[in-house]
1. What number, in percent, do you get for the relative contact order of the stretch 186-338 if the mean sequence gap of Cα pairs under 8 Å and at least 6 apart is divided by its residue count?
2. Relative to the longest principal axis of the chain, what angle (0 to 90°, nearest 10) does the C-alpha long axis of helix 138-149 take?
3. Enter the angle in degrees (range 0 to 90, nearest 10) between the Cα long axis of helix 4-15 and the first principal axis of the Cα atoms of the chain, meaning the one along which they spread out most.
4. Give, rounded to the nearest 20 debye, the magnitude of the charge dipole that the chain has about its Cα centre when Lys and Arg contribute +1 at Cβ and Asp and Glu contribute -1 at Cβ.
5. Could you tell me, in Å, what Rg and Dmax come out for the Cα atoms of the stretch 267-346?
6. Could you please state how large a percent of the accessible area of the chain is carbon and sulfur, counting protein chains only and using a 1.4 Å probe?
7. Using only the heavy atoms of the protein chains and a 1.4 Å probe, how would Trp244, Trp460, Trp213 rank by accessible area, largest first?
8. Note the angle between two axes, namely the Cα long axis of helix 169-185 and the longest principal axis of the Cα atoms of the chain, as a number of degrees from 0 to 90, rounded to the nearest 10.
Amino acid sequence: MTDPAESIDRVERSQHKTLLRFITCGSVDDGKSTLIGRLLYDSKLLPDDQLAALAADSARVGTQGDALDFALLVDGLAAERQQGITIDVAYRFFATARRKFIVADTPGHEQYTRNMITGASTADAAVILVDARKGVLTQTRRHTILAHLVGIRRFVLAVNKMDLVGYDADVFAAIAAAYGDFARAAGVGDVVAIPLSGFAGDNVFAPSPNMAWYGGPTLIEHLEALPVDGAARQARPFRMPVQWVNRPDPEFRGFAGQITSGVVSPGTVVCVMPSGRATTVARIVTGEGDLDRAVAGKSVTLTLTDPVDCARGDVIAAAAEPPATTDQFEATLVWMDEQPLLPGRGYWLKLATQTVTARVRAPKFMVDVDTLAHLATRTLDLNAIGVTTIATDRPLVFEPYADDRALGGFILIDKLTNATVAAGMVSFALRRADNVHPQLSDVDPAARAALKQQAPKLLWFTGLSGAGKSTIANLVEARLHRMHRHTFLLDGDNVRQGLNRDLGFTAADRVENIRRVGEVSRLMIDAGLIVIAAFISPFRAERAMVRDMLPPGSFVEIHIDTPLATAEARDVKGLYAKARAGQLANFTGIDSPYEPPEAPDIRIDTTVMTAEEAADLIVNRLML
């Protein structure tokens, strides 16, 4: 019978154990599931209160039963993977007498690289598995680079399946040397190589009698000895991104969030970023009562002594060492979508609790994961790693990712599909973001519009080539001119002869074409003009981007809706014939898509309406 005092002592010791988060990664079939199965199975043989029941069960089973149990566990993990259950990140818990562990089990398939990044983003260490029969592979290198990029600094090279190469010391030495050369070139400094067999258990928990030539630690000995970064996070300046404003009653106003770094107490002088307004912490409120002190990792509600303006997305920080703000920065991107990056397109950027619109410039370079060479590129494809600059529509509160994962890591989200398309790491703010400031004018847009006695608008005509956009837009401008309205017509062909003559017709160039036209249109709206823009503008995202650039209500989307067969039959410029003959690539409607507006402000059906009738309808509808 277990002594109650001994059980209590065991529980207390368990509560004070440190927690290490690590990720297992590598190429497909390197043995990740088998190794995790071995860790889970062997850990229950150690005296730990949380696994006492499992330990008792395994003690009742003989040696043959232990081997059978482990085989069943490994088979179960393999079955999960075959069924796709662990295609998402699976987190497993186990413990030893010295430490608690959470291991992120991620798939090794290249198409699921995004899952590996998810697991690595919160890990303290990475166990990179290599099949001793195959050596270092491309996916081995890719996972190493990605783990290093997301902030992991401690690596274990687990040369697995040594039993299948006869426990050959030379095989291990060659793999360790090859990986070591690559790791040093990639900037990975802390690497420990361990030869092991996940299935046989060699050098996992106990030293292997089959590898007497190896004198280093077992895998679990090394993981138990690794330092965790809790103390380092507490030593950094205080930061707490605000998740929500808590107002359970009119007399209470608290700001809730998780402390990402530092320590806070009542009386701590803080500032609310990005405004920079200084105040003092009054209380630290939790569900268990007020605290005298809270540290990194703790979720709390803070009350402040002053009625400062603070909302979700703001960051409460140490006033003496506030974080930086910027709207332009350099970042490393890992592209995770099957559709390539379109430079200039607006994506949602989420960093901590902040959400802004971001536009990604064409990459400076991409990284070849095999050679680490910097390659020229204009976009990023699935699983590509590149360095680029990003501009946001308003300032972000940030820290370089190397200093703070929470305020330096972000994701990009497609605005239309809501899919996460990239993970990013902030490197540094661009100096031009600090040196360029808006220049105020005594004559503002409202004064210019009043002088012209009109409401500035952007009439955006979109539709297939040959739909009649330019014809109808020209008639609309003529009617407005006769009404003494101040207008300017921007036509796709004309703009490409000057402002955008350097752009082609790839998807990325089309995005940049519309971005530039949107910026010009914004300036003309500020001048008080009615702008008429006739562009194919095939992508909804870019039309939405232009709408977002302008004051609310000033963007009018007009869909010149003409069936492809009708537009192709007209073919005034002969472009469809060239596209059908393969002489014109990326032509909208043929080999490049057109995304029609889902809810245009005005829809013109040119199969039932003449161009003159369409122009009259548009002018009458808008009453400009």
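1. Rounded, it is 20 percent for the stretch 186-338.
2. Around 80 degrees separate the two axes.
3. Long axis of 4-15 versus the principal axis of the chain: about 40 degrees.
4. 1600
5. When restricted to Cα atoms, the stretch 267-346 yields Rg and Dmax of 17.7, 50 Å.
6. 53
7. My answer, sorted largest first, is Trp244, Trp213, Trp460.
8. Between the helix axis and the principal axis of the chain, the angle is about 40 degrees.
The values are calculated or read from the model by the stated rules, or taken from the named source; none is laboratory data. As the structure is a computational prediction, the values presented were derived from the model and not from experiment. For neighbour counting, all protein chains shown are included, and Cβ atoms are generated from backbone atoms with ideal geometry for every residue, glycine included. Quick note on the areas: whole protein, heavy atoms, side chains included, nothing else; ligands and nucleic acids left out. Shrake-Rupley method; radii C 1.70, N 1.55, O 1.52, S 1.80 Å.
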